[in-house]
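In what follows, a structure is listed as structure tokens, so that the remarks can point back to it.
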Amino acid sequence: MINAARVPAIARDRRFLALWGAHSISTLGDALTTLTLILLVTEKTHSVAAIGGLTLVIAVPGIVIGLLAGAYVDRHDRRRIMILSDALRAVLLLALAVSVVSRPGLPVLYLIAFLQAAVGTFFEPARAGLMQVIVPAEEQLRANSLMQTTTVIGELTGATAAGVLVATLHTHWIAFTVDAATFAVSALLIAMIRRTDNTPACEPQTTWAAITDGLRAVRSSPALRGLLLVFSALTFALSPMAVLLAPYVVDTLHISTGWIGVIQSGDTAGNLIGGVLVLVLAKRINPRLMIITGMVLLAALIAALPLAATVVALLVAHLIFGLLTVSIQTGIGALIQTEVDNALMGRFMGLMSIIPSTVSIFGMAFAGSFGALLGIQTVFVTCGAVLAVGTALAWSQFRRAARERVAATAEPAVP
């Protein structure tokens, strides 16, 4: 028999299991739809510009309305927002499935993709706020590890299923219908979460005032500034990796394109290994130390990528790369849950969608322009250096936050 005392608390919490299940199944559906949409646009246009337009349409809502969505989430019931968001996305995907049968033009596909992304902008801040209420602080690292691991598995499974469905059935509406079903199941699972006081107590104020107060709170917190620095530096360093892998392998190293998938599989394997390690060792890990250590090692790895000149070397590098990135992202998720006040969670998550998304655009533009001008190896070294500088700045903010916490604890109580 299994000793209940040895089973992690989150594994016995039905509310977390429902939230985890909803996240897992909707992640699979999202990956299924994303690749299917790309394949559909490719078949219709055979245009790289059209694919770029789709990517931009999906990214714009997070940048434009991220803070507005976060401010709304911080003043309303997070659980209800998530249920409504899932229901709306299910309806939109069913509309997309129906429209695909009638062979819609690009504007229709772009519009539905935009609306889908816009609704999702409300979902993620609400999920973060609800998870903070459900999961105790001491279990946040383990909970975020489970979320990250199932994200990797869901994205891999969804993308694989999309390729198989389109290649074998030569149709797209099935994938969109399946994704609609995943959102319906996700909504039902979230509806099962009970006994949760998840509406933050806050004074009535305008949306603009709420956004201003949120930005002021983030600016005054070294810990939150450190988190934004970490995520921004990580995003800038990682953005060129996906863009430059193919030209580096094919044009610089003169390796067959057939090996690119093999090399990328190392990243997925590293993600899974890292997720499992963090899950097992969660009680012994300090999230801040894991983030900073991982960032330092990742900066060195990216800067040293020009030394990897064979398939085996690149495969090993991507294995380590995947292990480090999932560990860092898990640590970031756990630290957000323990450092951000629940009443501020929506607005902070809004910032976390705006700043890194903007940085990602600059990162990819940098990779494209400087890669052609100075060479891909120089871009790798530069990205490693940027990540190292960002890590140092973030570490200084984390240390400042720790000093302020100690000083606040040491202050004598006011009689």
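Please treat every number below as a calculation from the coordinates, not as lab data. Not measured: the values here are computed from a predicted model. Note that each Cβ is placed from the backbone with ideal geometry, even for glycine, and that neighbours are counted across all protein chains shown.
Here are the numbers for the structure shown:
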{"item": "Cα centre as origin, Lys/Arg/Asp/Glu Cβ charges: the stretch 4-200 dipole, Debye", "result": "420"}
{"item": "Gain in span if fully extended, Ala300 to Ala408, counting 0.36 nm per residue against the direct Cα distance", "result": "35.3 nm"}
{"item": "Cβ-Cβ FRET estimate between Ala49 and Ala181, R0 fixed at 35 Å, reported to 0.05", "result": "0.60"}
{"item": "Exposure proxy order (Cβ contacts within 10 Å, fewest to most) of Val60, Val41", "result": "Val60, Val41"}
{"item": "Packing-based exposure ordering (other Cβ within 10 Å, fewest first) of Ser239, Ser99, Ser145", "result": "Ser99, Ser239, Ser145"}
{"item": "Rg over Rh, two decimals, the stretch 4-200 (C-alpha only, Kirkwood Rh)", "result": "1.00"}
{"item": "At least 30 Å along the helix axis (C-alpha) and Kyte average at least -1.0, DSSP helices within the chain", "result": "14-45, 48-73, 78-101, 106-134, 140-169, 222-247, 260-281, 311-339, 345-374, 376-410"}
{"item": "Length-normalised contact order of the chain in % [C-alpha pairs under 8 Å, at least 6 apart]", "result": "27"}
{"item": "Modelled FRET efficiency - R0 25 Å, Met192 with Ala11, Cβ distances, 0.05 increments", "result": "0.90"}
{"item": "Environment charge at Leu227 (Cβ cut-off 12 Å; Lys +1, Arg +1, Asp -1, Glu -1)", "result": "+1"}
{"item": "Ala209-Ser369 FRET efficiency (beta carbon distance; Förster radius 35 Å; 0.05 resolution)", "result": "0.30"}
{"item": "Spin-label model distance (nm) - Leu289 vs Leu277, 7 Å beyond Cα toward Cβ", "result": "1.5"}
{"item": "Point-charge dipole on Cβ atoms (K/R +1, D/E -1) for the stretch 220-405, about Cα centre, debye to 20", "result": "660"}
{"item": "Estimated distance in nm for a label pair at Arg400 and Ser220, the labels positioned 7 Å out from Cα along Cα-to-Cβ", "result": "1.5"}
